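The values are calculated or read from the model by the stated rules, or taken from the named source; none is laboratory data. Since this is a predicted model, take the numbers as computed values, not measurements. Heads up, the Cβs are rebuilt from the backbone with ideal geometry, glycines too, and the neighbour counts pull from every protein chain shown. Surface accessibility is based on the protein's heavy atoms, side chains included, excluding ligands, DNA and RNA. Shrake-Rupley method; radii C 1.70, N 1.55, O 1.52, S 1.80 Å.
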Amino acid sequence: MSQNNHRASITGTGAFLPPKRLTNFDLERMVDTTDAWIIKRTGIKERRVVENGVATSDLASKAALRALEDAKLSPEDVDLIITSTVTPDNLFPATSCYVQQKIGAKKAGAFDVLAACAGFIYALSIGQNFINAGTASNVLVIGAECLSKVTDYTDRSTCILFGDGAGAIVLQKGNGHCEVLTTLLGADGSHTDVLTLPAGGSKIPTSTKTIEDRLHYIKFRGREVFKLAITNLTEVIRQTVATSNLKMEDIDLFILHQSNYRIIEATMERLGVPMDKIFYNIDKYGNTSSASIPIALDEAKREGILKPGNLVLLAAFGGGLTWSSSIIRW
Ligand code: ACO
C-alpha cells in the first residue's frame, strides 16, 4: 500500500528518554552475558529504562510537548493525536487519550496504532492522510514505548535488546519544507509467531499459569527475525525509492529502525549504500520499537545532520510481520 503526494510537512520534532541507564555491565550482573558479546552481536552499549510508576503516556507526553514547542504550537492547536506503541498504558483506553489529558490537547481526537516496530511510519502515514484530506490541520504523531515492562530480565536472548523512550513529530499542511513525499506499508501475517507478546489478550488471557510460564514477556525467535528483517527492509526500501522515482544514491540519509546494528549494516550492504549515510543511536538506547525512528529523527535534526533539501529515508520492520518506509524532503 503506498501513497505519493507533496502535502504534509513535519513542522516539529521532539524526544524524551528516561534518565536511568541500564548498561551492558549491569546486564552482566543479571544474566549470563558479557559487554563484548552484546556489542559484537547488536551494537548496543546501554539503554534507558523507566522508574517504577512511569507509563508510556508519561514519556509520550514529554516528547509531544517538545515537538509542539519546536513547531511553535500550543496543545490546544492539536486536532489529532496518533500514538504508535506495543506497550500501551492499558489494553484500553488508548495511550493517546492519556497523552491528550496530560498535555491539555482539549480539542484533539486520539487513538493508537499497533504495527509493532514498524508502527511509527504507519502512524505517520495515517496522519499524512488526515492532512491531505483536509480533515485535520495539526497532527501529533508519536512513537512511545516502555519495553522494560514487558522484558524478561532472566532471558539473556531478549533482555539485552530493549529500552524505553518516546519521539514525536507534528504534521501540518505542506509549506515546502520537510515534506513527506512517500509512505509505503506492508505486512505478512503468516509469521505472527516469530515475534510476539503471547499472553494478556483475548487469545491467551492472563492467568496464574501464563505468569508462571512467563508469557507476559516478549518472545522471539532471534535468528529468524534477524533474517526476515534484512530481507523485508531491503525490499521495502527498494520499493519506496522506486515509487518516488528516485535512485538509491539520491537519498542523503537513511534512518532505519534501531533493532540491531548488524541488521542495519547487512541491509545497507545489500542495497549498496555506504554506512556513512546511516544515522544510528542504537549504542545509546537499544531497540525502543515504535519510538526508535522519531527519536533518531529528532537527534539527527538537533545535531545538524539534516540539511534543508536533504532526502531522508525512514524504514522499519517489526512483529506481525510488519514493515514500512517513508521518504521525506527535509
Ligand atoms: N550473551 C551471550 N550469549 C548469548 C546471548 C547473550 N545475551 N544471547 C544468546 N547467546 C548465545 C546463544 O545461546 C547461542 O549459543 P549457542 O551457539 O551455544 O546455542 C549463541 O549466543 C548465538 O545465538 P544466536 O541467537 O544465534 O545469536 P545472534 O547472533 O543471532 O544474536 C540476537 C541474537 C541479538 C537476538 C539476534 O538474533 C537479533 O538481533 N535478532 C533480531 C532482533 C529481534 O528479534 N528484535 C526484536 C524486535 S523486532 C526488530 O526490532 C527487528
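For the stretch 8-176, the share of accessible area belonging to carbon and sulfur comes to 54 percent (1.4 Å probe, ligands and nucleic acids excluded). Straight-line reach from LYS227: which aspartates and glutamates have a Cα under 18 Å away, not including same-chain ones fewer than 8 places off? Leaving aside aspartates and glutamates fewer than 8 places away in the same chain, those within reach of LYS227 are ASP188, ASP193, GLU235, GLU265, GLU269. The stretch 1-72 and the stretch 118-133 have Cα centres spaced 20 Å apart. Take the chain with all the other protein chains still there, run a 1.4 Å probe, and you get 42 Å² of accessible area per residue.
May I ask you to give the percent of accessible area on the stretch 236-330 that is carbon plus sulfur, with a probe radius of 1.4 Å? Don't jump to the answer; show the numbers that get you there.
On the way: 1500 of 3230 Å².
It is 46 percent, rounded to a whole number.
Neighbours of ARG223 by Cβ distance under 12 Å: Lys/Arg scored +1, Asp/Glu scored -1, total +3. Taking every protein chain into account, the 1.4 Å probe leaves MET30 with about 90 Å² of accessible area, to the nearest ten. With all pairs of different C-alpha atoms in the average, the Kirkwood value for the hydrodynamic radius of the stretch 8-176 is 16.5 Å. Stretching the chain fully between ASP213 and ASP26 yields a gain of 64.8 nm (0.36 nm per residue, less the alpha carbon separation). In terms of packing, defined here as the mean over residues of other Cβ atoms within 10 angstrom, the peptides 135-142, 109-116 line up highest first as 135-142, 109-116.
In the structure shown, the pairs LYS284/LYS307; LYS102/LYS203; LYS45/LYS247; LYS106/LYS277; LYS219/LYS284 are assessed against 29 Å; a Cα-Cα span above that value is assigned to LYS102/LYS203; LYS45/LYS247; LYS106/LYS277. Of all DSSP beta bridges confined to the stretch 246-330, the antiparallel ones make up roughly 60%.
Ratio of Rg to Rh for the chain: 0.95 [Cα atoms; Kirkwood radius as inverse mean 1/r over pairs].
Among all stretches of the chain without exposed GluC sites (Glu not before Pro) (DSSP loop, at most 14 other Cβ atoms within 10 Å), which one is longest? Result, exposed sites excluded: 52-302.
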